[in-house]
1. Go through region 7-20 and give me each residue that's surrounded by 13 or more Cβ atoms within 10 Å (Cβ to Cβ) and without any contact (Cβ under 8 Å) to a residue 24 or more places away in the chain.
2. Can you tell me which residues in region 5-14 are farther than 19 Å from Val38 by Cβ and at pLDDT below 95?
3. Just give me the residues in region 3-32 being among the hydroxyl-bearing types (Ser, Thr, Tyr) and under 18 Å from the mean Cα position of the chain (by Cα), in sequence order.
4. Filtering region 54-76 down to residues that are of a type in the set (D, E, K, R) and under 15 Å from the mean Cα position of the chain (by Cα), which residue is nearest to Met9 (Cα to Cα)?
5. Picking from Val38, Val29, which residue would you name as being among the β-branched types (Val, Ile, Thr), out of contact with any Ser or Thr (no Cβ under 8 Å at 6 or more places or on another chain) and surrounded by 14 or more Cβ atoms within 10 Å (Cβ to Cβ)?
6. Looking only at residues that are in a loop (DSSP other than H, G, I, E, B) and among the hydrophobic types (A, V, I, L, M, F, W, C) in region 39-95, which one is nearest to Val7 (Cα to Cα)?
Amino acid sequence: MTQLDVVIMGQTYKLACKEGEEATLLQAVAYLDEKMCVIRDAGKIKGNDRIAVMAALGIAAEFLSTRSPDGPLSGMSLAEVKAQIVAMHTVIDSALTPQENLF
């Protein structure tokens, strides 16, 4: 494990990551810092904890709306893929239910 000192919204944090993953962690820190600073600078939300929650919600929304570029799921967002999986489970579960009564 490697430890890095990073700064998010002016506050220093000591974070640990696996060897070789330092660059990815630093990119994530920079992205989060940017999102949080934009929210803070807008002045509508006060308190670092509230700013962090709003940034996390924004990042989660971005993640869920990301679309797959290739393959059978191309053009679908992660949320749409999850909905399709739930629908498939429902169909499979309803098809298997009558078989359970046989035993």
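1. Listed by number, the residues that qualify are Leu15, Cys17.
2. none
3. Initial filter on region 3-32 (among the hydroxyl-bearing types (Ser, Thr, Tyr)): 12-13, 24, 31.
Result: Thr24, Tyr31.
4. The first filter runs over region 54-76 and keeps only residues of a type in the set (D, E, K, R), leaving 62, 67, 70.
Then drop every residue that is not under 15 Å from the mean Cα position of the chain (by Cα), which leaves 62, 67.
Numbers: Glu62: 21, Arg67: 30 Å.
Ranking the qualifying residues of region 54-76, first place goes to Glu62.
5. Values: Val38 fails: surrounded by 14 or more Cβ atoms within 10 Å (Cβ to Cβ).
Being among the β-branched types (Val, Ile, Thr), out of contact with any Ser or Thr (no Cβ under 8 Å at 6 or more places or on another chain) and surrounded by 14 or more Cβ atoms within 10 Å (Cβ to Cβ) holds for just one of Val38, Val29, which is Val29.
6. Within region 39-95, the first condition is being in a loop (DSSP other than H, G, I, E, B), and the residues that meet it are 43-47, 66, 68-76.
From what's left, among the hydrophobic types (A, V, I, L, M, F, W, C): 45, 73, 76.
Details: Ile45: 20, Leu73: 37, Met76: 35 Å.
Taking the candidates together, the pick is Ile45.
The values are calculated or read from the model by the stated rules, or taken from the named source; none is laboratory data. Because the structure is predicted, anything quoted here is derived from the model rather than measured. Cβ: placed from backbone, ideal geometry, glycine included. Neighbour counts: every protein chain shown.
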